[in-house]
Amino acid sequence: MKKFAIVVLSLVLAFGAYLSMGTVDNTVVSAPVADAGKSYTGTVYVAGHGGHFAAANVTVSSSGMKLNNLDMVSIESGDTQHIFHDARIDSENSNNMFWTTYKVDKAASKKAGKNIAHIGMNDLKTGKVVKDMQIVLPDDAKFTGAVYCGSSQSKKNYMPMTMTKKGFIDVFDKKTLKLKHRVYAEDMGFDQNYIFLHGNASPDLKTTFVTANGSEKWTDASKPEFGKRSGVITNLLLDNAALDKGKVKILKKGTVTGSKTKTFTFRQDFTPNGKTIVQSGADRVYVLDAKSLKLKRETMMKDGENHDAIAVPDNRHAVLTLRTKHKKGDKTTVDGALQLYDIKTGKTIGKPISVCNACHKDQLGEDQAKAVLCGADVNWK
């Protein structure tokens, strides 16, 4: 892994160019961290569109977040540059990070005559790709403009979820990365009235939380278009023992509401004690009771679009991934940022830390720098 020359957190940019390397300025903070009581340091791995993951070492406490240094985990894939939204660290071995691709591999798809995505695993100690395997997407996945994003896991299986139409959860053996089962949204009770599946595993790996954005019923299941958003989000708690066998057992069901035009649920995380779920919602963040799935609170995003939440070991805070927009004259640039969030009060702490354009504006020009981030996972010390 190589160190970046920027003051940024773990994000990957929309352009496939490799980032500039060097020494990271350790002074960037979202708010003062000193004398904040207990602090937590960890490495956050964030997926994006540049053929690599960023690996940011951060320290967080109740009063703020500090970036210590930033590395890069490159995914070398021949002539194909993978696009990622999913990062999932193995519960059984924190040196292993599983990933799936957000976009189809056009060259491989053309050759196979089928839509092809990828699944892989990296050794985080060496930064090397251990596995990179093709996934044949089913013919009834009519929308494939976005493929894998959220993911769950059990002790033996890695379970990425899709944003396709139809949507599904794949069950892969962690050791071989061979596909064992494919579970469709329709098996979970959805009836052509949803947009995108996302989810994550509970800390004890006994359940999987799944969220889906509600929509009007699709007018034609054979075409890629979804129905219009309804503003109602359905959340499910599934039994992992059943998912391991390719079956669905719904333990709990709940709903929350949002804007029909601005709210989209993406990735989420459980607090380490398993009591709370912090759910990204684009224009807001939801805090749910993990047992009842009832809404505890929600916070509107003021500084960007929220795509993931990573719980801190104190069960009190979470690190949010944001996409932010900035206007300069008649140009609008897109940046990536991380922001600290207080789960108990529903308030953000400090300003978001810009993590992308500080580097790419020098490579691409300040008016052209654009960043796309989404999913993240973390190894806390």
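The values are calculated or read from the model by the stated rules, or taken from the named source; none is laboratory data. Quick caveat, the model's predicted, so the values are computed rather than measured. Positions of Cβ are generated from backbone atoms using ideal geometry, with glycine treated the same way; all protein chains shown enter the neighbour counts.
Among the residues here, Y148 qualifies as within 22 Å of F226 (Cβ to Cβ) and either of a type outside the set (D, E, K, R) or without any contact (Cβ under 8 Å) to a residue 60 or more places away in the chain (or both). Within region 261-304, the set of residues being modelled with pLDDT under 95 and either within 17 Å of C149 (Cα to Cα) or among the acidic types (D, E) (or both) comprises D303 only. A single member of K180, K165 is over 20 Å from the mean Cα position of the chain (by Cα) and touching a residue at least 12 places away in the same chain (Cβ under 8 Å), and it is K180.
So that you can scan it fast, the table gives a plain yes or no per residue for (1) without any contact (Cβ under 8 Å) to a residue 12 or more places away in the chain; (2) under 27 Å from P203 (Cβ atoms); (3) aromatic (F, W, Y); (4) in contact with an Asp or Glu (Cβ under 6 Å, 6 or more places away or on another chain):
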site: K296; (1), (2), (3), (4): no, yes, no, yes
site: A309; (1), (2), (3), (4): no, yes, no, yes
site: D314; (1), (2), (3), (4): no, yes, no, no
site: A318; (1), (2), (3), (4): no, yes, no, no
site: R323; (1), (2), (3), (4): no, no, no, yes
site: K327; (1), (2), (3), (4): yes, no, no, no
site: L338; (1), (2), (3), (4): no, yes, no, no
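Surrounded by fewer than 16 Cβ atoms within 10 Å (Cβ to Cβ) and assigned to a strand (DSSP E or B), is that true of K180? Spelling it out, K180 is indeed surrounded by fewer than 16 Cβ atoms within 10 Å (Cβ to Cβ) and assigned to a strand (DSSP E or B). Across region 247-263, not a single residue is classified as assigned to a strand (DSSP E or B), at positive phi and in contact (Cβ under 8 Å) with a residue 24 or more places away in the chain. Does region 318-325 contain at least one residue that is surrounded by 21 or more Cβ atoms within 10 Å (Cβ to Cβ) and assigned to a loop (DSSP other than H, G, I, E, B)? No; the residues of region 318-325 include none that is surrounded by 21 or more Cβ atoms within 10 Å (Cβ to Cβ) and assigned to a loop (DSSP other than H, G, I, E, B). Are any residues in region 90-99 aliphatic (A, V, I, L, M) and part of a loop (DSSP other than H, G, I, E, B), and if so, which ones? None - no residue of region 90-99 is aliphatic (A, V, I, L, M) and part of a loop (DSSP other than H, G, I, E, B), so the list stays empty.
What about K111, is it surrounded by fewer than 19 Cβ atoms within 10 Å (Cβ to Cβ), basic (K, R), over 16 Å from the mean Cα position of the chain (by Cα) and at pLDDT 95 or above? Judged against the criteria, K111 is a match. All conditions but one from (1) hydrophobic (A, V, I, L, M, F, W, C); (2) at pLDDT below 95; (3) under 20 Å from the mean Cα position of the chain (by Cα); (4) farther than 27 Å from Y194 by Cβ apply to L340; the one that does not is (2). Evaluation of K351 against the conditions (1) within 19 Å of N69 (Cα to Cα); (2) surrounded by 24 or more Cβ atoms within 10 Å (Cβ to Cβ); (3) at pLDDT 70 or above shows that the sole unmet condition is (2). Scanning region 354-381 for residues that are buried (at least 24 other Cβ atoms within 10 Å of the Cβ) and either small (G, A, S) or at pLDDT 75 or above (or both) gives A371, L373, C374, G375, A376, D377.
Looking at this structure, is T234 buried (at least 20 other Cβ atoms within 10 Å of the Cβ), in contact with a His (Cβ under 6 Å, 6 or more places away or on another chain) and outside any loop (DSSP other than H, G, I, E, B)? Criteria not met by T234. Checking P272 against (1) under 19 Å from the mean Cα position of the chain (by Cα); (2) surrounded by fewer than 21 Cβ atoms within 10 Å (Cβ to Cβ); (3) farther than 16 Å from A201 by Cβ; (4) touching a residue at least 60 places away in the same chain (Cβ under 8 Å), which single condition isn't satisfied? (3) is the only condition that P272 fails.
To keep it simple, each residue is scored yes or no on (1) surrounded by fewer than 23 Cβ atoms within 10 Å (Cβ to Cβ); (2) β-branched (V, I, T); (3) farther than 23 Å from S154 by Cβ.
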{"position": "T59", "(1), (2), (3)": "yes, yes, yes"}
{"position": "M72", "(1), (2), (3)": "yes, no, yes"}
{"position": "R88", "(1), (2), (3)": "no, no, no"}
{"position": "N122", "(1), (2), (3)": "no, no, no"}
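Scanning region 42-89 for residues that are over 16 Å from I119 (Cα atoms), in a loop (DSSP other than H, G, I, E, B) and touching a residue at least 40 places away in the same chain (Cβ under 8 Å) turns up S62, S63.
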